[in-house]
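Single-structure report; data block below.
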Amino acid sequence: MVKLTGLKKIKTAVFISGTGSNLKNLIKFSKIKKSPITIDLIISNTSKAKGLIFANEYKIKKRIFRFKNPRNDEKKILKLLKNENIQLICLAGFMKILSKNFIKEFIGKIINIHPSLLPKYKGVNTHVRAINNKDKFAGCTVHYVTAKLDSGKIILQKKIKISPKEKSTSLAKKVLKQEHKLYPAAIMKIFN
Ligand code: GAR
């Protein structure tokens, strides 16, 4: 992993597809003095991602790549990341799967937040699956991204209790609240 040298902060890109609450939270975190990162670029695979408003609000460069031709878009993204000197990629609700070739270029420098206690429930619909299986606990995980989906080394994980009458919507809210604590904590852990 990239180590923080001197006083220079790590230039970071955040990839989103939706609401962007983790993005907003990371932007806020990046503004505090002890934060090892700055958020310099936001990438979305859709112009409909609500989270793009935070690019305008915080005056951060944003780019949309629709992934209709994933290979081409990944090439363009890599070029952009290099031009912007990006050293860390945070996936935050980014719902496209990055290729092996792309990940290889940034190995050890891409991290993701996932709404389950990995290795349980890789992929989508994590909360519905946890409730259907009558699990007692759910949670979230920040991990390194490797070519194998949701399988890279775990950086931090937070466990929360599933209450007896829990619905997937209420669980998603509870987990998201923890995600907002976990993602900054994981970044602090990486760079300290
Ligand atoms: C978060 O719960 C995140 O963990 C999940 O999408 C949500 C995005 O919320 N990510 C995945 O499911 C990735 N496989 P946000 O847009 O409000 O940050």
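Hey, which of the helices (runs of 4 or more DSSP H) in region 1-100, taking only ones fully inside, have at least 2 residues that are closer than 20 Å to VAL145 by Cα and at pLDDT below 95?
Ranges flagged: none.
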Those residues that are surrounded by 13 or more Cβ atoms within 10 Å (Cβ to Cβ), over 24 Å from ILE10 (Cα atoms) and either under 19 Å from the mean Cα position of the chain (by Cα) or within 11 Å of the ligand (Cβ to nearest atom) (or both), I need them from region 150-176; list them, please.
-> SER151, LYS158, LEU171, ALA172, LYS174, VAL175, LEU176
Search result, residues across region 58-93 that are touching a residue at least 60 places away in the same chain (Cβ under 8 Å) and at positive phi = ASN85, GLY93
Could you please let me know if ILE131 is assigned to a loop (DSSP other than H, G, I, E, B) and modelled with pLDDT of 95 or more?
-> no
Could you figure out which of (1) surrounded by 22 or more Cβ atoms within 10 Å (Cβ to Cβ); (2) away from the ligand (no atom under 11 Å from the Cβ); (3) within 16 Å of ALA172 (Cα to Cα) isn't true of LEU88?
-> (3)
Meets criteria (among the small types (Gly, Ala, Ser) and either near the ligand (Cβ under 10 Å from one of its atoms) or more than 18 Å from the chain's Cα centre (by Cα) (or both)) for GLY123 = yes
Please state which of the following conditions VAL142 fails to meet, knowing it meets all the rest: (1) within 12 Å of the ligand (Cβ to nearest atom); (2) within 24 Å of ILE10 (Cα to Cα); (3) of a type outside the set (D, E, K, R); (4) surrounded by fewer than 19 Cβ atoms within 10 Å (Cβ to Cβ).
-> (4)
Quick check: anything in region 108-119 surrounded by 15 or more Cβ atoms within 10 Å (Cβ to Cβ) and away from the ligand (no atom under 16 Å from the Cβ)?
-> yes
Of the residues that make up region 40-60, is at least one surrounded by fewer than 18 Cβ atoms within 10 Å (Cβ to Cβ) and either closer than 30 Å to ILE162 by Cα or within 12 Å of the chain's Cα centre (by Cα) (or both)?
-> yes
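The values are calculated or read from the model by the stated rules, or taken from the named source; none is laboratory data. In this text the structure is predicted, and so the values were computed from the model without any measurement. Neighbour counts are summed over all protein chains in view; Cβ atoms, including those assigned to glycine, are modelled from backbone coordinates with ideal geometry.
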